[in-house]
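Quick notes on the structure that follows.
The values are calculated or read from the model by the stated rules, or taken from the named source; none is laboratory data. Being a predicted model, the structure only gives us computed values, none of them experimental. Glycine also receives a Cβ, built like all others from the backbone with ideal geometry; neighbour counts cover every protein chain displayed. Just so you know, the surface numbers come from the protein's heavy atoms only, side chains and all, with ligands and any DNA or RNA stripped out. Shrake-Rupley method; radii C 1.70, N 1.55, O 1.52, S 1.80 Å.
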Protein chains: 2
Amino acid sequence: MNENVVLTPERILEVTEDVLRRFGLAKATVVDVARALDVSHGSVYRHFPSKASLREAVAKRWLDRANAPLAEIAESSGPAPARLERWLRAMIGIKCKKVCDDPEMFATYLALAQEACKVVKAHKDRLVDQISHILDDGAKQGAFDVADTKATARALFDATSRFHHPAHSDEWSDPDHAARVDAVLALLLRGLEAPRKR
Amino acid sequence: MNENVVLTPERILEVTEDVLRRFGLAKATVVDVARALDVSHGSVYRHFPSKASLREAVAKRWLDRANAPLAEIAESSGPAPARLERWLRAMIGIKCKKVCDDPEMFATYLALAQEACKVVKAHKDRLVDQISHILDDGAKQGAFDVADTKATARALFDATSRFHHPAHSDEWSDPDHAARVDAVLALLLRGLEAPRKR
DNA sequence: TGACTGACAGATATTGATATCTGTCAGCGA
DNA sequence: TCGCTGACAGATATCAATATCTGTCAGTCA
């Protein structure tokens, strides 16, 4: 079957993910990937200049796929506060689900992401932009009182780091993890509220 | 000189810190510590049941010493909001200074702290208690509107993790680190404010 | 008597010889 | 011509033999 399919970057990435899943990050070699593709490892280097760049591309694919639902929430309509909370909870939930479902795979992803810090940085910037977009909507709706949208978006991202940054993943199984998320989100959303007489 | 001084846990801890500083965490052995103390390594085991417990004790000493100024701020008087901000900035500043002054030593401390997670947990609980204390004062002063003091204190600790948790230390050299701290603290302090007509 | 020593067993780290991997490239075959 | 192969050099990982370390304890000495 492999024989009649041309060798494309996309196909290499698919097979690389599979090899990573089977062998683990430490054991997976370019030779393994080439063997799974039924080509020589020289051919893989025709499409990716180095093993590092191959891994980087895999990391990017993973990040994009995992966080696709977030863009949708950011673009949706309705009251911004509820949307922001939904977005933040979704981001936290995605990470938490990943680490609970398949911790070994998550460790692989984590190590990959640490290498590919350029890719991760770009990804984070996109996420912060999505928060910015919701904040802008909220300001227009009169629900949020935000001076510097961009800085505030980053502040929200930073303040929730403990719940979405992989370095903290071993703390997510804490029995009152959910309560701690609730407490932080409540505090942050209150800090954004436009002042009103009560 | 060593000969006329009795072997006490405190003296062992002092010398152990020195050995760690000179040899690094990976290379420092109980035999090294004993040699520096001019005793056999068996004697060290008379005061600490294991190498792990010795390291734990060193970690505790470090944590207590480094964060002593925080207790003072927590206990001081004056308006709670300013005090809380001072306390949080002090906590962040202590960590940041440590990593900037002596990154190698900080790495040692970090590895030690990761092993001695029980000690670290107790330490964190003490810090959260200090925040709670300030929040209580703020509530009494009418400056803060806080439903669950304990949960809110922990939320403040969690929300600032990015700026004080060692796992993020490599991000503290970011050129707009200070601006990010400002943005998060502003958001959090606004979230605590008692509502008032404006 | 009680703090300390030093030899010991089992666990862990180091070392150097060997094997595998990464990245390149001249040449093959469609 | 152009994508692919497979041999190669240098870098990296593995493995087993050796050395060092941890933790114990019977025995020494003040």
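Things worth noting here:
- Selection status of residue B:69, open to solvent by less than 70 Å² (accessible area, probe 1.4 Å), touching a helix residue (DSSP H, G or I) at 6+ places or on another chain (Cβ under 7 Å) and either more than 19 Å from residue B:102 (Cβ to Cβ) or within 11 Å of DNA strand D (Cβ to nearest atom) (or both): no
- Residue match in segment B:72-95 (condition: over 29 Å from residue B:185 (Cβ atoms) and among the charged types (D, E, K, R)): no
- Residue B:94 being over 30 Å from residue B:9 (Cα atoms) and either assigned to a loop (DSSP other than H, G, I, E, B) or touching a residue at least 24 places away in the same chain (Cβ under 8 Å) (or both): no
- Of the criteria (1) surrounded by fewer than 16 Cβ atoms within 10 Å (Cβ to Cβ); (2) hydrophobic (A, V, I, L, M, F, W, C); (3) more than 16 Å from DNA strand D (Cβ to nearest atom), which one residue A:58 fails: (1)
- Restricting segment A:72-88 to residues that are in a helix (DSSP H, G or I) and either within 12 Å of DNA strand C (Cβ to nearest atom) or open to solvent by 70 Å² or more (accessible area, probe 1.4 Å) (or both), the residue that is farthest from the other protein chains (Cβ to nearest Cβ) is A:72.
- Number of residues in segment A:148-198 that are assigned to a loop (DSSP other than H, G, I, E, B), open to solvent by 30 Å² or more (accessible area, probe 1.4 Å) and more than 7 Å from chain B (Cβ to nearest Cβ) equals 7.
Here's the yes/no breakdown for (1) without any contact (Cβ under 8 Å) to a residue 60 or more places away in the chain; (2) more than 10 Å from DNA strand D (Cβ to nearest atom):
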| position | (1), (2) |
| --- | --- |
| A:19 | yes, yes |
| A:24 | no, yes |
| A:33 | yes, yes |
| A:39 | yes, no |
| A:47 | yes, no |
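- Which numbered condition residue B:51 misses (of (1) within 16 Å of DNA strand D (Cβ to nearest atom); (2) charged (D, E, K, R); (3) touching a residue at least 60 places away in the same chain (Cβ under 8 Å)): (3)
- Restricted to segment B:3-55, and to residues there that are surrounded by 14 or more Cβ atoms within 10 Å (Cβ to Cβ) and outside any helix (DSSP H, G or I), the residue that is farthest from the chain's Cα centre (by Cα) is B:39.
- Scanning segment A:121-144 for residues that are in a helix (DSSP H, G or I), away from chain B (no Cβ under 14 Å) and under 30 Å from residue A:23 (Cα atoms) turns up at least one hit.
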